[in-house]
Amino acid sequence: EKGGHEYFMLKEIDEQPTALADTLRGHFAGGRVVLDEQRLSDQDLRDVDKVFVVACGSAYHSGLVAKYAIEHWTRLPVEVELASEFRYRDPVLDRDTLVVAVSQSGETADTLEAVRHAREQKARVLAVCNTNGAQIPRESDAVLYTHAGPEIGVASTKAFLAQIAANYLVGLALAQARGTKYPDEVAREFHELAAMPEAVRTVLGTTARVQALGRELADAKAVLFLGRHVGYPVALEGALKLKELAYMHAEGFAAGELKHGPIALIEPGLPVVVVMPSPKGRAVLHSKLVSNISEIQARGARTIVIAEEGDETVRPFADELIEVPAVPTLLQPLVSTVPLQVLAAEIARSRGYDVDKPRNLAKSVTVE
Ligand code: F6R
């Protein structure tokens, strides 16, 4: 059942191309993006004037990634919030608010309560869920299923990538209904998304170097992760994976925050993982990150750089270079997260931990 893998998590990392392809399948027909159950009409989608994404843990990170795409495509404000925070404040919601509740299990207590609160306030709730018939989709107005298949490893991997893809479908459906993207643009975005399983497969073919690095880092005291734009939530996700699997202190930062505090943590030998944007996409982002890396390298950090293949400018600053295929900026998290999953799993294995069942954690958090 582990298909020759030592752990379910490793199998699930390998299944990510299929998880993405299965999640996208059937969602583009007749030249249009279609959501699962059209319980939300095009008119409902047109009326939306604000979007909230509520979720916990990795699912929350999928929402942070989606914010960049949904705002860019739809020009709607998107707030991404931890379900446990959302439900205990008094968020401004009404019938034109779309709340996207993202949950692999569909049973997470805080996310479920956030859904209930949103519906009481008359907001429309769309669940993005990996588990058929779970409580969250049952209590939502509409559901878009991720088809990652069952995820056994406690740490989310294939479900996370599938959540990003599903959130993007929501963004494209909104852009299409609102007319903020022409049909040919929506089609192009969808087809770029549909090319991602292949790109992820390419990344999976090059993980040996990352595994070796994981073994080298097994005794590190801490690892920092830096990113900008969509690379920022990837940094958060990389740090979360490392904490939960390897019980290692790990933190993700927005690279622009370095000078506002985190740079004080940099000391000789500290491993710092930097998630680079494409040099071709947003040149400003790229050059800002290059200068961030040079600063931390000058202070002796061991820089581990995830960059687009052929990105020569970053080479002098990378003590370790992990290359990923060139993809459009908004889709980069789908490729750049993968080495971070592999890295965390390998560090945990080297330290002798059970990668599928990290201590103190449960797969589905049905109590607060
Ligand atoms: C991290 C992880 C958790 C879950 C979180 C939400 O690897 O798996 O952070 O992402 O508990 O779970 P769901 O998506 O089931 O609501």
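Please find, among L240, L236, L224, L193, the residue that is aliphatic (A, V, I, L, M), within 18 Å of the chain's Cα centre (by Cα) and not in a helix (DSSP H, G or I).
Going through L240, L236, L224, L193 in turn, just one is aliphatic (A, V, I, L, M), within 18 Å of the chain's Cα centre (by Cα) and not in a helix (DSSP H, G or I): L224.
Within region 186-199, does at least one residue satisfy the condition of being modelled with pLDDT of 95 or more, more than 26 Å from G352 (Cβ to Cβ), among the small types (G, A, S) and buried (at least 24 other Cβ atoms within 10 Å of the Cβ)? Walk me through how you get there before you give the answer.
Applying the first criterion (modelled with pLDDT of 95 or more) to region 186-199 yields 186-199.
The next check asks that each one be more than 26 Å from G352 (Cβ to Cβ); those that pass are 186-199.
Retained after the next criterion (residues that are among the small types (G, A, S)): 187, 194-195, 199.
When the remaining residues are screened for being buried (at least 24 other Cβ atoms within 10 Å of the Cβ), the result is none.
Looking for residues that are modelled with pLDDT of 95 or more, more than 26 Å from G352 (Cβ to Cβ), among the small types (G, A, S) and buried (at least 24 other Cβ atoms within 10 Å of the Cβ), one finds none in region 186-199, hence no.
Pull up region 128-145, narrow it to residues that are more than 10 Å from the ligand (Cβ to nearest atom) and within 20 Å of E79 (Cα to Cα), then point me to the one that is surrounded by the fewest Cβ atoms within 10 Å (Cβ to Cβ). Walk me through how you get there before you give the answer.
Taking region 128-145 and keeping what is more than 10 Å from the ligand (Cβ to nearest atom), we get 132-133, 135, 137-145.
Those still in the list that are within 20 Å of E79 (Cα to Cα) too: 140-144.
Values: S140: 25, D141: 18, A142: 21, V143: 23, L144: 25.
Once the filter is applied, the top-ranked residue is D141.
Exactly one of these conditions fails for I306: (1) outside any helix (DSSP H, G or I); (2) surrounded by fewer than 24 Cβ atoms within 10 Å (Cβ to Cβ); (3) at negative phi. Give me its number.
(2)
In region 248-262, what residues are of a type outside the set (G, A, S) and touching a helix residue (DSSP H, G or I) at 6+ places or on another chain (Cβ under 7 Å)?
Residues of region 248-262 that are of a type outside the set (G, A, S), as a first pass: 248-249, 251, 253, 257-260, 262.
Selection gives M248, E251, F253, L258.
For residues in region 37-46 being acidic (D, E) and closer than 25 Å to L112 by Cβ, which is farthest from the ligand (Cβ to nearest atom)?
Initial filter on region 37-46 (acidic (D, E)): 37, 42, 44.
Next, only the ones that are closer than 25 Å to L112 by Cβ stay: 37, 44.
Working: E37: 20, D44: 24 Å.
Looking at the filtered set, the residue picked out is D44.
Considering only region 312-332, state which residues are outside any loop (DSSP other than H, G, I, E, B), more than 15 Å from the chain's Cα centre (by Cα) and surrounded by 15 or more Cβ atoms within 10 Å (Cβ to Cβ).
F317, E320, L321, I322, E323, V324
Does region 59-89 hold any residues that are touching a residue at least 60 places away in the same chain (Cβ under 8 Å), within 17 Å of T337 (Cβ to Cβ) and either buried (at least 23 other Cβ atoms within 10 Å of the Cβ) or of a type in the set (A, V, I, L, M, F, W, C) (or both), and which are they?
Passing the criteria: A59, H61, S62, G63, L64, V65, A66, A69.
State whether one or more residues within region 221-234 are surrounded by fewer than 18 Cβ atoms within 10 Å (Cβ to Cβ) and touching a strand residue (DSSP E or B) at 6+ places or on another chain (Cβ under 8 Å).
Yes, region 221-234 contains a residue that is surrounded by fewer than 18 Cβ atoms within 10 Å (Cβ to Cβ) and touching a strand residue (DSSP E or B) at 6+ places or on another chain (Cβ under 8 Å).
For V100, which of the numbered conditions (1) more than 11 Å from the ligand (Cβ to nearest atom); (2) at positive phi fails to hold?
That leaves (2) as the condition not met.
Can you name every residue in region 100-125 that is assigned to a strand (DSSP E or B), over 18 Å from the mean Cα position of the chain (by Cα) and buried (at least 24 other Cβ atoms within 10 Å of the Cβ)? Break it down into steps so the answer makes sense when it comes.
Residues of region 100-125 assigned to a strand (DSSP E or B): 100-103, 124-125.
Now drop any that are not over 18 Å from the mean Cα position of the chain (by Cα), which leaves 124-125.
Correct list: V125 only.
Condition first: more than 14 Å from the ligand (Cβ to nearest atom), within 16 Å of L24 (Cα to Cα) and either without any contact (Cβ under 8 Å) to a residue 40 or more places away in the chain or in contact with a helix residue (DSSP H, G or I) (Cβ under 6 Å, 6 or more places away or on another chain) (or both). Can you find one or more residues in region 146-154 that meet it?
Yes, there is a match, as at least one residue in region 146-154 is more than 14 Å from the ligand (Cβ to nearest atom), within 16 Å of L24 (Cα to Cα) and either without any contact (Cβ under 8 Å) to a residue 40 or more places away in the chain or in contact with a helix residue (DSSP H, G or I) (Cβ under 6 Å, 6 or more places away or on another chain) (or both).
Would you check if L343 is assigned to a helix (DSSP H, G or I), within 30 Å of N167 (Cα to Cα), within 16 Å of the ligand (Cβ to nearest atom) and under 21 Å from the mean Cα position of the chain (by Cα)?
yes
Can you go through A195, A255, A250, A199 and tell me which one is on the phi < 0 side of the Ramachandran plot, within 14 Å of the ligand (Cβ to nearest atom) and aliphatic (A, V, I, L, M)?
A250
Could you identify the single residue in P277, P233 that is in contact with a Lys or Arg (Cβ under 9 Å, 6 or more places away or on another chain), closer than 26 Å to A21 by Cβ and modelled with pLDDT of 95 or more?
Selected residue: P233, the only one of P277, P233 that is in contact with a Lys or Arg (Cβ under 9 Å, 6 or more places away or on another chain), closer than 26 Å to A21 by Cβ and modelled with pLDDT of 95 or more.
Does region 72-88 contain at least one residue that is within 16 Å of the ligand (Cβ to nearest atom), modelled with pLDDT of 95 or more and touching a His at 6+ places or on another chain (Cβ under 7 Å)? It would help to see each step written out before you state the result.
Step one: filter region 72-88 for residues within 16 Å of the ligand (Cβ to nearest atom), giving 80-87.
Retained after the next criterion (residues that are modelled with pLDDT of 95 or more): 80-86.
After this cut, where a residue has to be touching a His at 6+ places or on another chain (Cβ under 7 Å) as well, the list is none.
No, region 72-88 contains no residue that is within 16 Å of the ligand (Cβ to nearest atom), modelled with pLDDT of 95 or more and touching a His at 6+ places or on another chain (Cβ under 7 Å).
Pull out all pairs, ordered by first then second residue, where Cβ-Cβ is under 6 Å, the residues are six or more apart or on different chains, the first lies in region 333-360 and is buried (at least 20 other Cβ atoms within 10 Å of the Cβ) and modelled with pLDDT under 95, and the second is among the aromatic types (F, W, Y) and not in a loop (DSSP other than H, G, I, E, B).
D356/F8
Output the number of the condition that A212 fails; it satisfies all remaining conditions of (1) away from the ligand (no atom under 16 Å from the Cβ); (2) touching a residue at least 24 places away in the same chain (Cβ under 8 Å).
For A212, the exception is condition (2).
Out of (1) modelled with pLDDT of 95 or more; (2) among the hydrophobic types (A, V, I, L, M, F, W, C); (3) not in a helix (DSSP H, G or I), the odd one out for L40 is which?
(1)
Out of the residues in region 53-77 that are over 16 Å from the mean Cα position of the chain (by Cα) and not in a helix (DSSP H, G or I), state the one that is nearest to T329 (Cα to Cα).
Top of the filtered list is R75.
The values are calculated or read from the model by the stated rules, or taken from the named source; none is laboratory data. Owing to the predicted nature of the structure, the values given are computational and were not obtained by experimental measurement. Every residue, glycine as well, gets a Cβ built from its backbone with ideal geometry; the counts of neighbours run over all protein chains shown.
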